[in-house]
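Written below as structure tokens is the structure these notes are about.
The values are calculated or read from the model by the stated rules, or taken from the named source; none is laboratory data. Here the structure is a predicted model, which is why all the values come from computation and not from measurement. Note: ideal-geometry Cβ built from the backbone for every residue, glycine included; neighbour counts use all protein chains shown.
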């Protein structure tokens with residue numbers, strides 16, 4: 001009886017949050033400009049209601065009772081444990097703080113849009129500074145022992161800390177820097193044929209074909225266009241992705257679609273019966289990102305994948321791709337080159353973009369960097385790590401939407417996701433004989449089945465680390481990623 | 001202080017309802033098929049929450065206090081009075097009834113879709129019968145003195161009763177029947193040129209042009225496609241319309257777009273500062289429909305409008321419209337012909353479609369007709385009034401979505417809307433010298449300004465009848481509509 005009451009309450013909270021998610025999706029895809037003001041207010045109201053329901057003392061009481069109930073199954077118990085954690089965390093936020101965070105996000109998002117339009121960081125400065133102050137307050141409310149940033153990191157990746165991430169990056173970056181130097185010493189790949197005119201409607205048709213090929217259930221989701229590609233879900237039976245078409249670059253939309261499909265396949269694979277409950281949710285952001293990266297990079301930028309899809313693409317774009325060989329195509333889509341825009345970076349330089357943001361956020365939270373100095377910090381960091389500096393703010397500190405959403409501590413999950421992806425894919429290659437050959441025939445259903453089994457069906461049952469150890473018999477190690485990259489580029 | 005608390009509460013309820021409206025909009029436009037189940041659940045949850053907030057005894061207490069507050073302005077007092085009425089009505093619904101109505105709607109909507117797919121009324125029968133039983137229960141809960149249908153009619157048009165509508169139709173229908181007989185005795189207009197192939201994308205471009213021309217603010221709204229055209233609003237700054245393109249019929253989309261634009265212009269003209277409050281809402285459904293009909297028919301099917309837009313349309317479709325004269329175009333878009341589908345009916349026969357549904361709903365509510373007998377009743381009524389019978393259910397009793405939404409008592413507002421439109425337009429013609437000539441130049445801003453002033457800016461301040469008397473110095477009379485039709489068709 002009380003477990004049923006618990007699922008009823010959680011399902012109701014999920015309904016509110018999923019309604020909220022639809023309002024966000026619409027905000028990024030179809031909202032007319034003047035609709036922004038009341039949309040922000042509507043989102044704030046739904047946040048408040050969801051928060052009130054998830055901090056209702058009657059729910060806390062119910063969770064305590066259930067924790068003492070010996071008749072629960074293992075899965076039921078795990079749901080209750082995780083909900084209890086969520087409840088405790090939610091209780092730390094006052095209704096007032098929830099409203100202020102929501103309002104600050106609405107304000108910052110619109111001033112970020114305006115700052116990008118004007119290509120002027122200072123337009124964003126005041127609202128970003130207010131957001132940073134609020135995030136410091138939030139870190140205090142959530143609590144931490146060693147570093148205020150720890151409290152925020154933990155929101156996106158349970159257990160993540162500055163100490164832990166310093167160790168990960170401390171091991172990864174020097175190896176990657178050496179690898180990058182090796183690669184830049186070699187002749188650069190020619191990707192000019194990817195940068196011709198590619199008709200937008202044809203690209204759109206190609207992306208729909210690709211979605212279906214990879215196993216995206218188009219009866220349980222759809223693709224739309226937005227300024228910045230993202231994936232979002234309102235239930236495992238309604239998972240949406242967005243894309244952006246660049247008519248001067250075939251690669252942009254293609255691998256962005258594969259990336260978002262990777263996220264969506266995870267969401268579509270979550271157990272429907274656990275709707276609204278922790279076991280119906282993704283394990284963590286880094287594991288979510290492992291799925292998108294695995295499909296985008298380990299599958300989508302592999303030579304077998306290129307071998308299979310080049311002729312398909314030549315069907316869509318016979319003129320532009322005439323005479324291109326699979327090997328040349330593979331080299332082009334894996335071209336390594338220091339660049340200014342994170343989302344367009346290759347697999348190797350990508351982690352420097354993440355690390356720069358990680359260090360920057362850490363300094364903002366510590367108070368050793370102030371918001372007005374971000375552009376200068378940014379220029380110096382890009383010069384140091386990648387040898388280039390942005391010519392303007394749009395290609396610098398205004399490029400990511402994250403801070404305007406109040407998402408401090410989010411970026412590191414991108415790097416963790418790549419590392420998990422490499423480690424999982426290495427395991428899949430061992431457990432699925434002939435995997436590269438299957439990919440070369442355009443057959444990825446077995447791989448999807450393996451991921452469903454290993455990752456998707458578990459929801460939040462396991463932590464990232466437990467899941468990783470269960471799949472690959474060891475904790476996260478950058479060895480797999482480094483090994484994968486060395487092999488891809490033919491480095492000894 | 002307490003008026004501010006009142007606006008805070010009402011604004012919050014509006015946020016929830018507008019979120020709900022976005023979920024409905026998405027359901028009709030972009031929702032993937034498998035998403036239907038959880039979407040239904042999400043809509044039910046939001047209904048429950050809005051209902052709980054609007055029946056909170058603290059709100060009732062607050063409204064009572066405000067009614068005794070002599071410092072309120074006239075507008076503030078009117079808001080409070082209307083909210084108090086709404087509160088009393090909401091209180092009549094138990095949370096259980098709200099949930100059951102929402103669940104029944106979700107079920108009936110999907111079985112209606114399925115019944116249409118199979119073209120078989122019996123597929124819809126059980127869920128419709130359950131809905132009718134629930135509506136009888138609802139009528140009992142709402143209360144009535146003379147007829148259970150009165151309780152439901154009052155939901156869509158305050159004060160509407162069977163007695164009142166019997167009087168309206170009793171006066172209108174015989175005159176219209178005589179008029180129809182006169183028209184059918186004349187040679188039929190040739191509209192074959194409207195029924196050629198008209199490219200869908202070009203129709204879409206044309207509809208966007210038309211929207212803008214009529215004053216639809218595209219920064220505060222948008223158009224999408226759906227199976228059945230509708231308009232919906234999430235704030236005066238985000239009002240959306242949908243359309244359906246029939247590539248074999250230019251008229252279908254064109255006048256449907258004008259109709260929905262008419263609704264949207266009303267919503268865009270509601271006072272933003274009254275968001276969430278009664279004075280920020282439309283006066284009534286019939287007044288809403290008066291706006292859509294006025295633009296669709298009194299403006300959009302007038303000879304001056306045809307004179308102006310025929311050359312524009314010939315630019316979009318030079319082949320199909322070559323050699324067509326404005327007079328021939330005007331005759332074609334006003335062709336009178338008994339037909340089976342309400343939404344495609346001409347202005348004259350339209351009211352018979354409405355009357356048939358009105359009589360049918362009345363009989364269902366009285367219990368003198370049972371759901372299983374609807375197709376037979378339908379066939380007989382169409383034969384009697386229009387001399388035709390539907391060959392199948394899709395062209396018969398399955399054509400309208402309304403019953404699947406639980407909307408019994410809604411149809412009569414369509415006829416009332418036409419009558420109000422004719423009466424308002426006759427007044428506008430007196431008060432705006434040269435109105436037909438303006439329309440002939442494609443200039444409708446003055447008319448829109450007049451409607452904003454006379455209708456839109458008042459929100460719900462006046463009842464339909466008060467508004468009508470204020471605008472035209474008399475209550476609703478079908479004389480205006482009859483006079484308008486006789487003049488249009490050159491009848492003495």
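Checking residue A:55 against (1) touching a residue at least 60 places away in the same chain (Cβ under 8 Å); (2) surrounded by fewer than 20 Cβ atoms within 10 Å (Cβ to Cβ); (3) away from every other protein chain (no Cβ under 14 Å), which single condition isn't satisfied?
Every listed condition holds for residue A:55 apart from (1).
Residue A:28 versus (1) touching a strand residue (DSSP E or B) at 6+ places or on another chain (Cβ under 9 Å); (2) at pLDDT 95 or above; (3) buried (at least 17 other Cβ atoms within 10 Å of the Cβ): which is the lone unmet condition?
Here residue A:28 clears every test but (2).
Taking the criterion of being closer than 29 Å to residue A:275 by Cα and within 14 Å of another protein chain (Cβ to nearest Cβ), would at least one residue in segment B:112-130 satisfy it?
no
Testing residue B:457 on (1) closer than 20 Å to residue B:75 by Cβ; (2) surrounded by 15 or more Cβ atoms within 10 Å (Cβ to Cβ), one condition comes back false. Which one is that?
With (1) closer than 20 Å to residue B:75 by Cβ; (2) surrounded by 15 or more Cβ atoms within 10 Å (Cβ to Cβ) applied to residue B:457, the lone miss is (2).
Looking at residue B:219, is it part of a helix (DSSP H, G or I), more than 20 Å from the chain's Cα centre (by Cα) and within 14 Å of chain A (Cβ to nearest Cβ)?
Spelling it out, residue B:219 is indeed part of a helix (DSSP H, G or I), more than 20 Å from the chain's Cα centre (by Cα) and within 14 Å of chain A (Cβ to nearest Cβ).
Checking residue B:83 against (1) under 25 Å from the mean Cα position of the chain (by Cα); (2) touching a residue at least 12 places away in the same chain (Cβ under 8 Å); (3) more than 30 Å from residue B:4 (Cβ to Cβ), which single condition isn't satisfied?
All conditions are met except number (3).
Assuming residue B:66 fulfils every condition listed in (1) more than 13 Å from every other protein chain (Cβ to nearest Cβ); (2) surrounded by fewer than 19 Cβ atoms within 10 Å (Cβ to Cβ) apart from one, which condition is it?
Only one criterion is unmet by residue B:66, namely (2).
Listed here are the residues, each with its yes/no results for (1) over 30 Å from residue B:364 (Cβ atoms); (2) surrounded by fewer than 17 Cβ atoms within 10 Å (Cβ to Cβ); (3) within 14 Å of chain A (Cβ to nearest Cβ).
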residue	(1), (2), (3)
B:174	no, yes, no
B:198	yes, no, no
B:204	yes, yes, no
B:215	yes, no, no
B:230	no, no, no
B:239	yes, no, yes
B:246	yes, yes, no
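Please state which one of B:44, B:83 is in a helix (DSSP H, G or I), at the interface with chain A (Cβ under 10 Å from one of its Cβ atoms) and crowded, with 18+ Cβ neighbours inside 10 Å.
Criteria check complete, one pass: B:44.
Go through A:199, A:213, A:224 for me and flag whichever is at pLDDT 95 or above, on the phi < 0 side of the Ramachandran plot and touching a helix residue (DSSP H, G or I) at 6+ places or on another chain (Cβ under 7 Å).
Going through A:199, A:213, A:224 in turn, just one is at pLDDT 95 or above, on the phi < 0 side of the Ramachandran plot and touching a helix residue (DSSP H, G or I) at 6+ places or on another chain (Cβ under 7 Å): A:224.
Out of segment A:429-485, which residues are over 26 Å from residue A:154 (Cα atoms) and part of a loop (DSSP other than H, G, I, E, B)?
Hits for segment A:429-485 are A:432, A:433, A:434, A:441, A:442, A:443, A:444.
Residues of segment B:224-240 being closer than 16 Å to residue B:207 by Cβ and part of a strand (DSSP E or B), which ones?
B:224, B:225, B:231, B:239, B:240
Of all residues in segment A:1-23, count the ones that are at pLDDT 95 or above and more than 7 Å from chain B (Cβ to nearest Cβ).
Number of matching residues: 14.
When you go through (1) closer than 22 Å to residue B:94 by Cα; (2) at the interface with chain A (Cβ under 9 Å from one of its Cβ atoms); (3) in contact (Cβ under 8 Å) with a residue 12 or more places away in the chain one by one for residue B:39, which number turns out not to apply?
(1)
Would segment A:278-294 turn up any residue that is within 13 Å of chain B (Cβ to nearest Cβ) and over 21 Å from residue A:471 (Cα atoms)?
no
Are there helices (runs of 4 or more DSSP H) fully within segment A:259-377 with at least 1 residues that are surrounded by 22 or more Cβ atoms within 10 Å (Cβ to Cβ) and in the same structural domain as residue A:18 (by TED's automatic domain parsing)? List them.
In segment A:259-377, no matching helices (runs of 4 or more DSSP H) lie anywhere.
Could you check, for segment A:65-77, whether at least one of its residues is part of a helix (DSSP H, G or I) and within 23 Å of residue A:402 (Cα to Cα)?
Scanning segment A:65-77, I find no residue that is part of a helix (DSSP H, G or I) and within 23 Å of residue A:402 (Cα to Cα), so the answer is no.
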